[in-house]
1. Tell me whether segment 17-32 contains one or more residues that are more than 19 Å from Lys115 (Cα to Cα) and in a strand (DSSP E or B).
2. Residue by residue through segment 180-196, note down the ones that are buried (at least 22 other Cβ atoms within 10 Å of the Cβ) and either free of Cβ contacts under 8 Å to residues at least 12 places away in the same chain or of a type in the set (A, V, I, L, M, F, W, C) (or both).
3. Taking segment 34-53 only, how many residues are without any contact (Cβ under 8 Å) to a residue 60 or more places away in the chain and touching a Ser or Thr at 6+ places or on another chain (Cβ under 9 Å)?
4. Sort out which residues of segment 209-225 are closer than 23 Å to Thr258 by Cβ and open to solvent by 20 Å² or more (accessible area, probe 1.4 Å), and write them in order of number.
5. From Ala192, Ala199, grab the single residue that is over 14 Å from His94 (Cβ atoms), aliphatic (A, V, I, L, M) and out of contact with any Lys or Arg (no Cβ under 8 Å at 6 or more places or on another chain).
6. Residue by residue through segment 1-33, note down the ones that are among the acidic types (Asp, Glu) and out of contact with any Lys or Arg (no Cβ under 8 Å at 6 or more places or on another chain).
7. What number of residues in segment 242-261 are of a type outside the set (Gly, Ala, Ser) and either over 24 Å from Pro163 (Cα atoms) or open to solvent by less than 30 Å² (accessible area, probe 1.4 Å) (or both)?
8. Of all residues in segment 226-241, count the ones that are open to solvent by less than 70 Å² (accessible area, probe 1.4 Å) and either part of a loop (DSSP other than H, G, I, E, B) or on the phi > 0 side of the Ramachandran plot (or both).
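The values are calculated or read from the model by the stated rules, or taken from the named source; none is laboratory data. Small disclaimer: the values here were computed from a predicted structure and weren't measured. Methodologically, a virtual Cβ is constructed for each residue, glycine included, from the backbone with ideal geometry; neighbour enumeration extends over all protein chains shown. Only protein heavy atoms, including side chains, enter the accessible area calculation; ligands, DNA and RNA are left aside. Shrake-Rupley method; radii C 1.70, N 1.55, O 1.52, S 1.80 Å.
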Amino acid sequence: MPTVTTKDGTQIFYKDWGKGQPIVFSHGWPLSADDWDNQMLFFLSKGYRVIAHDRRGHGRSSQVADGHDLDHYADDLAAVTAHLDLKNAIHVGHSTGGGEVVRYLARRGESGVSKAAIISAVPPLMVQTPANPKGLPKKVFDDLQSALAANRSEFYRNVAAGPFYNFNKTGKPSEAIIENWWRQGMMGGAKAHYDGIVAFSQTDFTEDLKKITVPVLVMHSEDDQIVPYADSGPLSAKLLKNGTLKTYKGFPHGMPTTEAETINADLLAFLKS
């Protein structure tokens with residue numbers, strides 16, 4: 001399997017298909033590069049080089065005990081892009097992966113990057129604080145950690161069958177999509193996923209967003225049950241110097257999977273604009 005070894009000895013698995021302008025995909029919690037299957041096949045067919053990695057502790061990457069924070073996530077992404085010597089790359093992140101892309105651009109610089117897109121992404125800040133009164137109470141995330149620790153398999157099944165894809169609202173669950181989400185989650189390490197809840201909920205990306213100058217497409221649905229719309233997409237778009245907000249209605253948090261045709265078309269239009 002293709003991997004790159006980071007400075008702290010963590011092996012990061014990645015996929016690298018095709019030739020052309022590179023698109024680098026960063027996945028959401030607690031998934032893997034496999035969550036981008038729809039996008040990778042689509043953009044490969046359009047002549048792009050498509051790359052996706054498994055975050056540390058996720059998928060096929062090392063199940064290390066430490067480094068489950070946004071700085072390490074960004075540095076691991078940088079290790080992949082440096083190893084592949086990417087130029088003129090487009091970075092696309094979903095959910096926690098959107099935070100990873102934002103921290104990567106702010107922390108590592110925009111050299112070699114032409115554009116970015118963040119989908120259903122966690123920035124600017126999910127948790128409620130005095131400065132972020134509309135955020136979700138910390139207890140919400142504490143309860144997620146408790147559920148994970150008690151029965152990770154059951155917890156993941158419930159997330160996939162319910163709010164992640166809005167199957168609890170539509171009443172039309174896809175067993176195949178639920179099983180694939182569960183499969184990806186259970187491939188990863190419990191410690192990485194437990195710590196990752198703190199990472200995606202308590203990291204403040206406000207200053208990161210302000211530093212970014214490349215064009216960024218912010219894609220978010222008003223019906224996202226995981227990362228509430230009002231406290232995420234519109235705020236990120238305002239903080240970015242060159243941000244464009246694309247709002248959807250009725251789409252779930254996991255819209256790259258269930259609404260792939262629309263998301264892929266909108267991403268392609270942005271890349272070509």
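1. Yes, that holds for at least one residue.
2. Correct list: Trp181, Ala192.
3. Looking only at that region, the number is 4.
4. Hits for segment 209-225 are Glu222, Asp223, Gln225.
5. Ala199
6. The first filter runs over segment 1-33 and keeps only residues among the acidic types (Asp, Glu), leaving 8, 16.
Within segment 1-33, just Asp8 meets the criteria.
7. Taking segment 242-261 as the starting set, the residues that turn out to be of a type outside the set (Gly, Ala, Ser) are 242, 244-249, 251-253, 255-259, 261.
Add one more test, that the residue is either over 24 Å from Pro163 (Cα atoms) or open to solvent by less than 30 Å² (accessible area, probe 1.4 Å) (or both), and what stays is 242, 244, 248, 252-253, 255-256.
The number of residues fulfilling the criteria is 7.
8. Filtering segment 226-241 down to residues open to solvent by less than 70 Å² (accessible area, probe 1.4 Å) leaves 226-229, 231-237, 239-240.
Remaining after also requiring either part of a loop (DSSP other than H, G, I, E, B) or on the phi > 0 side of the Ramachandran plot (or both): 226-228, 232, 240.
Residues in segment 226-241 being open to solvent by less than 70 Å² (accessible area, probe 1.4 Å) and either part of a loop (DSSP other than H, G, I, E, B) or on the phi > 0 side of the Ramachandran plot (or both): 5 in total.
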